[in-house]
Amino acid sequence: MNVKLFLRKNNKGSTLIEIVVSVLIIGIAFVPLLMGMTNALKANTRAEQMLHAETVASNCIEVAKTFGVKDFEKVTADASILAADSVSGSGTSYTASSINEGQDTFNVSISFSC
């Protein structure tokens, strides 16, 4: 009976060492989780940029199919038709440039062989 009373008296709460160890374990567990989230965010941003570049390239092809290579320069004078910020070039070689949300600039080069 004295043993039970002794155990109850010493088991009132957590010690500082137990708390520090548990915080350390939780911290170690969250580092890989946060690293994974950071990598996923970077991959998502890159995928959005690639999707925008593919949209510009696809729009260029569709404009060329619809209006022909000869009228491509006239039609793309307004770059917004291609979802791009600017279009440069002449004849059979063009470059559509776009700035993705103020971060990176990408160029889509189009060459036609007639």
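The values are calculated or read from the model by the stated rules, or taken from the named source; none is laboratory data. Here the structure is a predicted model, which is why all the values come from computation and not from measurement.
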The range 13-47 - residue that is at pLDDT below 90 and charged (D, E, K, R) and, of those, nearest to Thr105 (Cα to Cα): Arg46
Leading residue by the ranking (farthest from Asn44 (Cα to Cα)) among those in the range 73-102 that are modelled with pLDDT under 75 and either among the aromatic types (Phe, Trp, Tyr) or assigned to a strand (DSSP E or B) (or both): Ser90
